[in-house]
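To start, the structure itself, in structure tokens.
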Amino acid sequence: MRCETRHVSDLDQLEALYAAGDAHRFPVHCHTTLVIQAVVRGADWCCVNDLVAGPGEVFVHFPQAVHSGGSWDREGLEYLAIYPSLPLVAEIVGRPPSLFPTATSHVVRDPRLARLALETARAAMERPKDASALLKELLLRVVDSPVLMAPGSFDGRGRDAVDVACRHLREHSHRSVSLTELSEVSGVSRFHLIRKFRQRLGITPHQLLISLRVEAAKRLLAAGAPIAAAAIETGFADQSHLTRWFGRLTARRPGEYGPAAR
């Protein structure tokens, strides 16, 4: 999978991604940002919830939505995506982050939204100064959709043990968090917690922790942090440890995630 990334410093390090390649599958992961991904060629398959988006369709993953991704068949896959942070989304549309759903994924079959998502991602990649207006129009269409803005399965308020454990991992992803610690803060046994994690999210607590660390490292690298420093600050053992997981989850090397575009 060939991937190219750009960041827009004036838009809270907004990440834009172009990806193209043949048969490729990303492992199960999640993002702390909103994900809006427009498919250009082929079909993208999320095996976690068995969703497929083809050309002219858009994947929308809200923060904490556990998903996979990759080409549906041998035709290959090409897409453009943007990853706006929730604070940026809230600033642009004038709504507090607490009103946005989390942990939900959708395929949107709306040609107008698909064209707008492609235009926004291309602008962020090639013409960062033109991205702001397009991003605002795109986000307003997203937040005005009653389907997309329906309450999610996880709102971060600690309804059950999985919610409590997820919040604890988000707040402490920079350090080692044992299963025993998660069991104690969530009030259930380790076995019960792992079972509920798999049932609800399709991954283990450790997989979520690694995904959160990679997300944090991406933002540091985009801001110009050295790879070794980003690795230590986000909880990885060293630079090679970060590089290994970074490659698995993003199909890129940390060194390809340079300073923000201006």
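Per-residue HN-Hα couplings for the range 161-176, Karplus 6.51 cos²θ - 1.76 cosθ + 1.60 at θ = phi - 60°, whole Hz, x for Gly and Pro?
Values per residue, Gly and Pro as x: 4, 5, 4, 5, 5, 4, 5, 5, 5, 4, 6, 10, 5, 6, 10, 5 Hz.
How far, in degrees from 0 to 90, does helix 131-143 lean away from the longest principal axis of the Cα atoms of the chain, to the nearest 10?
Taking the Cα atoms of the chain, the angle to 131-143 is about 60 degrees.
Which whole-Hz ³J(HN,Hα) couplings does the range 239-251 yield from phi under the Karplus relation 6.51 cos²θ - 1.76 cosθ + 1.60, θ = phi - 60°, glycine and proline marked x?
For the range 239-251, the Karplus curve yields 4, 5, 5, 4, 4, 4, 6, 4, x, 5, 8, 10, 6 Hz.
Tilt of helix 111-126 relative to the longest C-alpha principal axis of the chain, in degrees (0 to 90, nearest 10)?
Here the helix axis deviates by roughly 90 degrees.
If you take the square roots of the eigenvalues of the alpha-carbon gyration tensor of the range 83-172 and sort them as a ≥ b ≥ c, do you get rounded (a/c under 1.5), prolate (a/b over b/c) or oblate?
Numbers: a/c = 2.37, a/b = 1.80, b/c = 1.32.
It comes out prolate by the Cα gyration axes.
With the radius of gyration and the Kirkwood radius both derived from the Cα set of the range 1-87, what is their ratio Rg to Rh? List each step's numbers first, then the result.
Working: Rg = 12.5 Å, Rh = 13.0 Å.
Taking Rh as the inverse mean 1/r over Cα pairs, Rg/Rh reads 0.96.
Can you give me the long-range amide H partners of GLY70? Hydrogens built in the peptide plane at 1.01 Å from N, cutoff under 5 Å, separation of 5 or more residues or another chain.
PHE26, TRP45
Give the dimensionless ratio obtained when the Cα radius of gyration of the chain is divided by 2.2 N^0.38 Å.
Numbers: Rg = 17.7 Å, N = 262, 2.2 N^0.38 = 18.3 Å.
Computed over Cα atoms of the chain, the ratio equals 0.97.
Could you state the accessible area per residue of the range 120-262 in Å², with a 1.4 Å probe and every protein chain left in place?
Dividing the accessible area of the range 120-262 by its residue count gives 50 Å².
Principal axis lengths of the range 135-260 from Cα atoms, whole Å, largest first?
Sorted from largest, the Cα extents of the range 135-260 read 43, 40, 21 Å.
Nearest-5 percent of antiparallel DSSP beta bridges in the chain?
Details: 35 of 36 bridges.
Within the chain, antiparallel bridges account for around 95 percent of the total.
If you scale each eigenvalue of the Cα gyration tensor by 5 and take the root, what three semi-axes come out for the range 27-152, rounded to whole angstrom and sorted largest first? Walk me through the numbers before you get to the answer.
Numbers: eigenvalues 94, 65, 30 Å².
Taking √(5λ) for each eigenvalue gives 22, 18, 12 Å, largest first.
By how many degrees, between 0 and 90 and to the nearest 10, does the Cα long axis of helix 190-201 differ from the longest principal axis of the chain?
That works out to roughly 20 degrees.
Of all the accessible heavy-atom surface of the range 55-168, with the other protein chains kept in place and a 1.4 Å probe, what percent is carbon and sulfur?
Working: 2610 of 5060 Å².
Here it works out to 52 percent.
The values are calculated or read from the model by the stated rules, or taken from the named source; none is laboratory data. None of these values were measured; they are calculated from a predicted model. These accessible areas exclude ligands, DNA and RNA; they are computed on the full protein's heavy atoms, side chains included. Shrake-Rupley method; radii C 1.70, N 1.55, O 1.52, S 1.80 Å.
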